[in-house]
Amino acid sequence: MTEVSAGRVDAFADPGRKVIEVGGIEIGIFQFKGAFTAFENICPHLGGPVCQGLMLPRTVDDVTQDNVNLARSFSKTHHNVICPWHGMEFDISTGEHVTTKTLRLRKVPVRVEDGEVFVTVPDRKHQHVHAWFTGERQRPPRERGTSDRT
């Protein structure tokens, strides 16, 4: 894995983000309340450029014990990024989908040293997620004269 500089801390808005590309891998680096996180720019839903989506505070409903919705407000402690392809929302601090906690963005190690933000780029490119849903992924080579049919 290769570590690269993503820029100076003061070049990032808070909340804010920067998307970089290194060796064919796009990485979104986010800052929220002074903390940095980074994720590969691939939505687990259909492979969209999730890190380039709209960033908004999480919407919170104030609900009573008898399920009466009193009000809707914006969270002061959680911020989401919304995939521009299909509106999937992910917490920029954890990478988790807002309702399906098992669905998450792929984390990339990030650290800050002497006012500089560094990310560790994975060695491999991940196959585009969309290919897994459409069946367009490449199959491993098979021996000559064999068949996929059973």
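The values are calculated or read from the model by the stated rules, or taken from the named source; none is laboratory data. Being a predicted model, the structure only gives us computed values, none of them experimental. With ideal geometry, Cβ positions are generated from the backbone for all residues, glycine too; neighbour counts draw on all protein chains shown. Please note that ligands, DNA and RNA were not included when accessible areas were found on the heavy atoms of the full protein model with its side chains. Shrake-Rupley method; radii C 1.70, N 1.55, O 1.52, S 1.80 Å.
Arranged from highest to lowest average of other beta-carbon atoms within 10 Å per residue, in what order do the peptides 14-27, 56-69, 31-44 appear? Spell out each step's value before the answer.
On the way: 14-27: 15.5, 56-69: 10.3, 31-44: 20.1.
Highest to lowest by the protection proxy: 31-44, 14-27, 56-69.
Measure off 7 Å from each Cα along the Cα-to-Cβ vector at His78 and Asp10, then give the distance between these two points in nanometres to one decimal.
My value for the distance between the label points is 3.4 nm.
Using a 7 Å offset from the Cα along the Cα-to-Cβ direction at both Arg58 and Asp123, what is the distance between the two label points in nm, to one decimal?
In this crude spin-label approximation the distance works out to 3.5 nm.
With a 1.4 Å probe and every protein chain left in place, tell me how much accessible area Val108 has, in Å² to the nearest 10.
10
What number comes out for accessible area per residue over the stretch 46-88 if the probe is 1.4 Å? Units Å², please.
Value returned for the stretch 46-88: 65 Å² of accessible area per residue.
In whole Hz, with x marking every Gly and Pro, tabulate ³J(HN,Hα) for the stretch 81-94 from phi via Karplus 6.51 cos²θ - 1.76 cosθ + 1.60, θ = phi - 60°.
Karplus-based 3J(HN,Hα) across the stretch 81-94 equals 10, 10, 4, x, 7, 9, x, 5, 10, 10, 6, 6, 8, 10 Hz.
Ignoring any ligand, DNA or RNA, what whole percent of the accessible area of the stretch 1-100 comes from carbon and sulfur when the probe is 1.4 angstrom?
Numbers: 2790 of 5300 Å².
Carbon plus sulfur share of accessible area: 53 percent.
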